């Protein structure tokens, strides 16, 4: 993304949305695909998930049992996918 200013006043709606699309496209292109892949595939241990939520590991095990979290494993090792952990957080109705 460049440091130049972008003026959006005095544009008709079509020009505005066209310029907005260009800005978004440029921003998305500037994000490294490696960063996106790394964050998407990142695995977390139960300890890391507990630290993320600031909860005890027993709470994480309970949330897993209740299907709030999905565990994945290789052999005896248990992991959680970061994207799924972050997606487990839901908005509460007030």
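Summary of values
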{"item": "Filtered residue count, the range 58-77, keeping only those that are farther than 11 Å from residue 46 by Cβ and in a loop (DSSP other than H, G, I, E, B)", "result": "6"}
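Yes/no per residue for (1) at pLDDT 85 or above; (2) under 20 Å from residue 82 (Cβ atoms):
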position	(1), (2)
6	no, no
10	no, no
26	no, no
37	no, yes
40	no, yes
44	yes, yes
51	yes, yes
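The values are calculated or read from the model by the stated rules, or taken from the named source; none is laboratory data. Not measured: the values here are computed from a predicted model. Cβ atoms come from the backbone with ideal geometry, glycine included; neighbour counts cover every protein chain shown.
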